[in-house]
1. Grab the helices (runs of 4 or more DSSP H) fully contained in segment B:291-375, keeping just those with 2 or more residues being touching a strand residue (DSSP E or B) at 6+ places or on another chain (Cβ under 7 Å) and under 22 Å from B:LEU387 (Cβ atoms).
2. Filter segment B:80-119 down to residues that are under 36 Å from the mean Cα position of the chain (by Cα) and polar (S, T, N, Q), then give me how many there are.
3. Specify the residue that is farthest from the chain's Cα centre (by Cα); the eligible residues are those in segment B:120-142 that are over 23 Å from B:GLY76 (Cα atoms), exposed (fewer than 15 other Cβ atoms within 10 Å of the Cβ) and touching a residue at least 40 places away in the same chain (Cβ under 8 Å).
4. When you scan segment A:67-90, do you find a residue that is among the aliphatic types (A, V, I, L, M), in a helix (DSSP H, G or I) and under 18 Å from the mean Cα position of the chain (by Cα), even just one?
5. Restricting attention to segment B:141-194, which residues are β-branched (Val, Ile, Thr) and out of contact with any helix residue (DSSP H, G or I) (no Cβ under 6 Å at 6 or more places or on another chain)?
6. Yes or no: A:GLY126 out of contact with any Gly (no Cβ under 9 Å at 6 or more places or on another chain), more than 10 Å from every other protein chain (Cβ to nearest Cβ), assigned to a loop (DSSP other than H, G, I, E, B) and among the small types (Gly, Ala, Ser)?
7. Could you go through segment B:143-150 and let me know if any residue there is farther than 14 Å from B:MET26 by Cα, free of Cβ contacts under 8 Å to residues at least 24 places away in the same chain and not polar (S, T, N, Q).
8. Could you grab me the full set of residues in segment B:206-232 that are more than 14 Å from chain A (Cβ to nearest Cβ) and either part of a helix (DSSP H, G or I) or basic (Lys, Arg) (or both)?
Amino acid sequence: MSNSISVHDLSISYDRKRVLTNIFLNIEPGKVIGVVGPNGAGKSTLFKSILNLIHVQSGKILIEGVPIEENRKSIAYVPQRDEVDWDFPAIVNDIVLMGRYPHKTVWKRLSKHDQDIADHAMQNLGIANLKNRQIGQLSGGQQQRVFIARALCQNPSIFLLDEPFVGVDIPTEERIIQILKQQAEAGKTLLVVHHDLSTVMQYFDQVILLNQRLIAFGDTDKVFTQENIAKAYSGQLSILQKIAMV
Amino acid sequence: MAELLEVLQYEWAWRALLASSMVGLMCGILGCFIVLRNMALIGDALSHAILPGVVVAFTILGYNVLGFFIGSVIAGILSAVAITWIQHNAKTKNDAAIGIVFTAMFSIGVIGISWLSRNEGVHLDLKDFLFGNVLGVENEDLWLTAAICAYVLLSVVVFYRYLFITTFQPTIAQTMGISVKLIHYYLMLLLSFAVVAALQTVGVILVVAMLITPASTALLLTNRLNKVVVISSVLGILSAVLGLIAAIIFETTPGPAMAIVATIIYLLALFLAPEKGIVAKRVIQHRVREKIEDEHILKESIKLSITNQLSFENLASKLDIGTAKLKRRILKLKKNGLFNASHLLQLSPEGKARASSLVRAHRLWETYLVDKIGLDETQIHAEADKLEHLLSDEILDEVDQSLGYPTLDPHGSPIPPKFGTPESPLFNMNIGQTIKITTRQLSNQVIKTLWELGIKPENSLRVHSKNDQEIILQDEDTIVSIKTDLARTINAIEIE
């Protein structure tokens, strides 16, 4: 099977401080993959390198065999929610429609077809009734649904989601994970930065354990072991106890 | 007014009107993006920074409108690049970088202009640059402004999507392959165009007013970017035209008059905007306060009426408000049907329902705070007082369920059952009828209460007697008394 993302010997430093060191990953399509590790482990940095949002100082990343700049359409990114200006004059429909932008050249207007795709995505996430609401007027869970709907509109083969469940209600979390699993069944690749170790087993087919170095990567039931978690969260005993309880 | 009509017979007046409306339109449109990108200061900076461009163009080409334009745009773009470069490469704060560049450029320009007028003996008036000279607009200025205006309009229409997404979420735009940097510099280019065109109408110092004031007004009035852009451009034109007319009538400088009109419109919106205006916000706050007050009146009324102590004096002292004010509120509540209009002071059935659901909210929440959060009994009252007005029925039902349908609150007071009217209330049964309790009840609490009273759906019961306080049911060997309020909420059927 061909790789959807391949990371070859990636290293990143900020101001001479190493954030990621010698990361190798070959990610196959059709799976929901959790990216797990303590704060400062470089999870978001890994995403930003894959998206070429930060300069990749050493190493090479290919998306479906080509550099990302040649393959922007295949990848959709859902960033952490705290980077958004909630007062911005934008309604739900406008934002979901943004997912169609990559499919339009400069001179093309958005069509009825694009609106149909957006409507479908909004229905899928149960926010069709909020279509004309300004984003700041929504709850955290509803806001996250809007951004997931936009990512669906992009119709990418790869999704990168950075902590999609933070500040989100339980029904939304359940709905989102359901949609992610459907997308994986349809052959898409989904990478999810995730904090809640107690749900890792339940949510992800595979897991990437990260702490500046790659601790482990593979099927969740084989890789998400006490030993590996201990390695990733070295010294953070409270978390280990939490896992032991699960 | 007569003067104005007279003035309008002159061609220069029409040229001035046309030029300023086009400037109002351009600045209104671009201003939306400038404001939303937190770049208001950049607009100000660019307008000041183009002066050296004018000086250099004059030295090379003499008095030439197109030369001024090109020189200004080059100076503008150079400043934008310099500002961005400092922001990215030096540890100087963003707004400080802007300040450094534009004051330096402006100073060079001012020195250049005074040098030119002293040594070359030319009539470049610094005042015209600072405050504009809209009444001196020539035909070629007008054509240039029209061309710039058309170009800006077309650009915004064509690149609207890119401007939208790079303004809202630059990171997402970048992951979609849209060059945020390119859009930024293109916007800077359009901005320099607009600033140069605005130079003659409002002048260097007040360009920023035309850029940010109409846009900020529009942002108070709507929630969608496309509407913001349209409203802002209309307000831009309006400010320019009204300002110019005012300047002609009052014989003052047009630039400042336009800025003042724009500000007046902004202030009007600030106070009167339908949702975001100060007045509207006050009205909403006032309504919420009144609603809470009314709810307290209802709640205390039902508590007092249970012990037959409901009077204006008792109610006023319980609520700690004046009797006169209380009477006014009661009058309003009578109009709304929550108090009986025919009585001096008596809750209507509807009022009772509202009141008991409030008491229920308050006591359930108190119970929740003690049982689930672990707060002390003395801490909970104020907390529950705040939340009882905000909790929705669904939340309350969940609280009720998670607590296991309690009947008493932490202080030992009864929690009223969820209020509603069953299809066939037990209370409506007549004396002597034989009845059964149905299996379908309004709430689990009713079921629980019935179970505690020992009444099961299969029992046949006879209505022995009923009065204002209670209804008494009887089967072969027992007698059960049920309070009127409870009897209203129990679903019962008559059997043969």
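The values are calculated or read from the model by the stated rules, or taken from the named source; none is laboratory data. Because the structure is predicted, anything quoted here is derived from the model rather than measured. Quick reminder, even Gly has a Cβ in these numbers, built from the backbone with ideal geometry, and neighbours come from all protein chains shown.
1. Answer list for segment B:291-375: B:349-368.
2. 4
3. B:VAL122
4. yes
5. Those that are β-branched (Val, Ile, Thr) and out of contact with any helix residue (DSSP H, G or I) (no Cβ under 6 Å at 6 or more places or on another chain): B:VAL157, B:VAL158, B:THR171, B:ILE172, B:THR175.
6. Yes, satisfied.
7. Quick first cut of segment B:143-150, residues farther than 14 Å from B:MET26 by Cα only: B:143.
Checking which are free of Cβ contacts under 8 Å to residues at least 24 places away in the same chain leaves us with B:143.
After this cut, where a residue has to be not polar (S, T, N, Q) as well, the list is B:143.
Looking for residues that are farther than 14 Å from B:MET26 by Cα, free of Cβ contacts under 8 Å to residues at least 24 places away in the same chain and not polar (S, T, N, Q), one finds at least one in segment B:143-150, hence yes.
8. B:VAL207, B:VAL208, B:ALA209, B:MET210, B:LEU211, B:ILE212, B:THR213, B:PRO214
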